[in-house]
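Okay, structure first, notes after.
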Amino acid sequence: MNQTDCPEVKVPFLVFFTVGIISLAENLLVVVAVIRSRNLHSPMYCFMCSLAAFNTIASVTKTWENLMIVLADAGHLEKRGPSETDLDDVMDSLLCMSFVGSKSSFLAIAVDRYGFFVFQTYSYITIFHALRYHNIMTMKRTGVILGLIWTLCAVLAVLMVKFFDFKFIVICFTVFFIISLATICFLYIYMFMMARIHARNIAALLGGGRDRSQHQRRWGSNMRGALTLTILFGAFVVCWAPFFVHLIIIVVCPMNPYCECYRSLFELHVVLMMSHALIDPVIYAFRMAELRHTFRKMLFCSGWKLCL
């Protein structure tokens with residue numbers, strides 16, 4: 001096998017541009033909805049807003065990068081000029097920041113939902129209704145966490161781009177991806193297992209009647225939210241994993257012909273990665289009633305600021 005056996009797959013710039021523009025509009029809609037609607041001022045929606053912002057960065061970065069490539073091919077820019085090289089490093093840093101930030105946002109959402117489930121379970125079983133998770137996870141603390149996430153992601157992104165040739169950096173990058181992936185999966189699996197046990201305990205504690213039916217509706221709503229977040233995380237893994245594997249292959253087997261065939265699909269991996277920013281808002285609209293209601297007001301209410 002040689003390099004000619006796997007020609008590079010090219011994706012038209014119009015595809016990148018279309019996906020980038022649509023995903024940008026969708027995620028900006030999510031950010032504005034969370035900021036403007038008081039009903040969405042909760043830790044979970046703030047972390048989702050952060051996720052949408054990171055998705056926006058990824059879409060804008062890759063769209064702009066492909067636009068620069070088109071201009072360079074047309075002879076309007078130097079492909080290896082000093083300013084172009086610096087700009088390429090900036091865009092790579094923003095892309096890495098988006099990847100790490102999306103993963104960190106998902107991790108923050110998983111931890112937030114886990115804490116909420118634990119406190120809610122304890123509240124039901126002990127009938128200690130004075131204990132509320134939101135008294136601990138306040139909006140102020142949420143803001144501090146978001147500030148730490150964005151600062152840490154920016155620093156890590158710059159370090160990864162500057163020292164990507166060092167295998168230690170690639171190993172740390174890979175370990176972070178695997179550990180955070182395993183942590184999120186564990187938290188969601190544990191929540192679903194805990195939900196089944198909790199449902200049986202409440203059924204035995206409350207017996208029948210109105211209290212039981214109200215609890216079942218409330219708990220069903222919480223489980224629907226957890227399932228939605230699981231779907232979002234699954235979409236993230238499917239869309240980002242091929243691009244992540246591509247980055248690892250660059251360092252692990254740069255000359256292997258089989259790896260070369262995988263690298264020939266790079267532009268398809270980029271389109272799939274950008275599609276994640278396109279898919280998430282659609283999942284929000286179909287699975288989350290509060291966000292769907294807010295979207296409807298923003299898009300169809302003539303005075304949406306007053307409607308919110």
Report task. Might you check whether a residue that is under 29 Å from LEU227 (Cβ atoms) and either more than 17 Å from the chain's Cα centre (by Cα) or at pLDDT 75 or above (or both) occurs anywhere in segment 153-163? Result -> yes
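Just checking, does segment 28-38 include any residue being modelled with pLDDT of 85 or more and over 15 Å from TYR284 (Cβ atoms)?
There is no residue in segment 28-38 that is modelled with pLDDT of 85 or more and over 15 Å from TYR284 (Cβ atoms).
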Report summary line: Within segment 30-40, the residues that are crowded, with 16+ Cβ neighbours inside 10 Å and over 16 Å from ALA53 (Cβ atoms) are SER37
Requested in this report: Determine whether segment 2-21 contains at least one residue that is closer than 24 Å to LEU229 by Cβ, among the polar types (S, T, N, Q), in contact with an Asp or Glu (Cβ under 7 Å, 6 or more places away or on another chain) and open to solvent by 10 Å² or more (accessible area, probe 1.4 Å).
Outcome: no
Query - Unique match (being among the polar types (S, T, N, Q) and either open to solvent by 10 Å² or more (accessible area, probe 1.4 Å) or assigned to a loop (DSSP other than H, G, I, E, B) (or both)) among ASN66, ASN27, ASN55 - result: ASN66
Report task. Return the total of residues in segment 90-112 being β-branched (Val, Ile, Thr) and either farther than 20 Å from TYR45 by Cβ or touching a His at 6+ places or on another chain (Cβ under 7 Å) (or both). Result -> 2
Query raised in the report: Out of (1) of a type in the set (A, V, I, L, M, F, W, C); (2) surrounded by 17 or more Cβ atoms within 10 Å (Cβ to Cβ); (3) at pLDDT 70 or above, the odd one out for PHE117 is which?
Result: (3)
Report task. Output the residue which, of all residues in segment 280-295 that are under 12 Å from VAL30 (Cβ atoms) and hydrophobic (A, V, I, L, M, F, W, C), is most open to solvent (accessible area, probe 1.4 Å). Result -> VAL282
**Report entry** Positions within segment 254-268 being among the polar types (S, T, N, Q) and under 17 Å from ALA241 (Cα atoms), in sequence order
**Finding:** SER264
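The values are calculated or read from the model by the stated rules, or taken from the named source; none is laboratory data. None of these values were measured; they are calculated from a predicted model. Please note: Cβ atoms are built from the backbone with ideal geometry, for glycine as well, and neighbour counts cover all protein chains shown. Heavy atoms of the whole protein, side chains included, go into the accessibility calculation; ligands, DNA and RNA do not. Shrake-Rupley method; radii C 1.70, N 1.55, O 1.52, S 1.80 Å.
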